[in-house]
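The values are calculated or read from the model by the stated rules, or taken from the named source; none is laboratory data. Note that the coordinates shown come from a computational prediction; the quantities given were computed from them, not determined experimentally. So basically every Cβ, Gly included, is an ideal-geometry build from the backbone, and we count neighbours across all protein chains shown. Side chains are part of the model used for accessible areas, which takes the heavy atoms of the whole protein and leaves out ligands, DNA and RNA. Shrake-Rupley method; radii C 1.70, N 1.55, O 1.52, S 1.80 Å.
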Amino acid sequence: MRKRIALTLAGVLTCCVALAEVDVLKVQDFGAKGDGKTDDTAAFQKALDAAGKAGGGVVNASRGNYFFAGHLNVPPAVTLKGVWESVPAHNGIRDAGLPKPTDDGTTFLVTENAGKEDGPAFITLNHNTTLKGVVIYYPDQNPAEEPKPYPYAIAMRGKNPAVLSVELLNPYNGIDASRNERHLIRDVQGQPLRRGIFVDHIYDIGRIENVHFNPWWSMKPKLFAWQQAHGEAFIFGKSDWQYVFNTFCFGYNVGYKFIKTQSGDCNGNFLGIGADDCFTALEVEECSRIGLLISNGEFVSFHGPDPTMVRVGTNNTGSVRFVNSAFWGPCNQIARIAGKGTVGFSDCTFVQWDRNKEGKPALQIESGSVIVRGCEFQENKPQISLGQDVRRAVVTDNLIKGKLQVTNQSKGNVALNNNASDDVKAESGKP
């Protein structure tokens, strides 16, 4: 009896191992070398196609430096997986003595379409596909020069594509997360040079979580100056309820940019987002009437010709809300707001502005409607300017260091009440 049970268990285990082996393919079995010199494009695509033909599975790329002269297409229900379970950091090119991208783990060396942006992405994900645990590195980029254009490193298409624990070390363009449903981008780090993540044409909720863009690859003057003059870390076009959680970027022209495309504009929930040393931390050209809800944000601007943390453009008709957010760094202004929409600041902290002592207000409201409520202004400088095209404004219950300095030229309806300053005299704000 015991012998029969043992034989049965052995048979079950053998069957399970066989099934597991069917579901997991190794790129080496299809001819990949991982030596950093041999073109592994065809071998990878054969492995991916074999997994797709089998109805799905995992294609494993073990430790190695895989050279690609072409691009890859991941079939539905297939995962392309490297060795990393958590995104690594490889800043050895910038900081001597630390690991370089080819020292360990699974590194993809991308070379196709140098000098142009309009080619296919290096990796295209489709229905229910995942890219996980790899480093994407462009070895022909020079860390001391202005970058060469390349197409996007990753394009996310279909339903439920995912990018997990991936290091985008130095792509010109990072992730094209457009024309899909329910994308998931989680635990991604690196230094995309021109564009980090582009979101557009999304009609079912996308998620971006724990993304950190920082100049670990290069801060050499020529390249980094170019990145700060041209780089955009997160760009959002049409997206219905985009969810963004715990994201950060450093050293871009614009940290978070909201635009209107042919598909439409964005609304969503942005929690714990940060932008440091960006010429403009957050810019809204246009957004949805439904609104952008931005909570627990941290924004810093202090370089560039006119460092301003928040800009809302003249074409905007949507709603933007900043809640429990902090703004600091010796900028020119905290926010410059135009358009016909509504912008609100609630329970926010404004630490520094008017760096050149020109009398610039922290918040310059040129038009539209504004709510500033329960905020703290930590410098004794002009706090708010309301232009004559401001339709409505509520400025109440704020803490003011020094004297309340609100310039009100609005022809609309303005409520200015209950602001607690260090000056015992109440200020009307009227010129």
### Task
Mind counting the residues in the stretch 339-353 that are open to solvent by less than 10 Å² (accessible area, probe 1.4 Å) and in a loop (DSSP other than H, G, I, E, B)?
4
## Note on the structure
Filter the stretch 83-108 for residues that are small (Gly, Ala, Ser) and over 16 Å from residue 133 (Cβ atoms); the one that is surrounded by the fewest Cβ atoms within 10 Å (Cβ to Cβ) is 97
### Query
What is the residue count in the stretch 142-181 for residues that are over 16 Å from the mean Cα position of the chain (by Cα) and open to solvent by 10 Å² or more (accessible area, probe 1.4 Å)?
14
### Query
Is it the case that the stretch 2-11 has a residue that's modelled with pLDDT of 95 or more and surrounded by fewer than 21 Cβ atoms within 10 Å (Cβ to Cβ)?
no
### Task
Would you mind telling me which numbered condition in (1) more than 15 Å from residue 191 (Cα to Cα); (2) open to solvent by less than 50 Å² (accessible area, probe 1.4 Å); (3) of a type outside the set (Phe, Trp, Tyr); (4) out of contact with any Gly (no Cβ under 9 Å at 6 or more places or on another chain) residue 133 fails?
(4)
### Task
Sort out for me the strands (runs of 3 or more DSSP E) sitting completely within the stretch 358-420 that have 3 or more residues that are among the basic types (Lys, Arg) and open to solvent by 10 Å² or more (accessible area, probe 1.4 Å).
none
### Enumeration of residues in the stretch 164-182 that are part of a strand (DSSP E or B) and within 17 Å of residue 238 (Cβ to Cβ)
175, 176, 177, 178, 180, 181
## Note on the structure
In the stretch 210-267, anything of a type in the set (Ser, Thr, Tyr), open to solvent by less than 10 Å² (accessible area, probe 1.4 Å) and over 15 Å from the mean Cα position of the chain (by Cα) is listed as 218
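Condition check ((1) under 26 Å from the mean Cα position of the chain (by Cα); (2) of a type in the set (A, V, I, L, M); (3) surrounded by fewer than 19 Cβ atoms within 10 Å (Cβ to Cβ)) across all residues:
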{"residue": "37", "(1), (2), (3)": "no, no, yes"}
{"residue": "49", "(1), (2), (3)": "no, no, yes"}
{"residue": "52", "(1), (2), (3)": "no, no, no"}
{"residue": "59", "(1), (2), (3)": "no, yes, no"}
{"residue": "65", "(1), (2), (3)": "no, no, no"}
### Message
If I go through the stretch 33-61 residue by residue, how many of them are assigned to a loop (DSSP other than H, G, I, E, B) and within 27 Å of residue 114 (Cβ to Cβ)?
### Response
4
### Message
I'd like to know if the stretch 93-106 contains one or more residues that are of a type in the set (S, T, N, Q) and either under 22 Å from residue 33 (Cβ atoms) or touching a strand residue (DSSP E or B) at 6+ places or on another chain (Cβ under 6 Å) (or both).
### Response
yes
## Note on the structure
Residue pairs qualifying under the 8 Å Cβ cut-off, at least six apart or on distinct chains, with the first in the stretch 130-159 being at positive phi and the second being of a type in the set (S, T, N, Q), are 133/106; 133/165; 158/126; 158/128; 158/129; 158/180
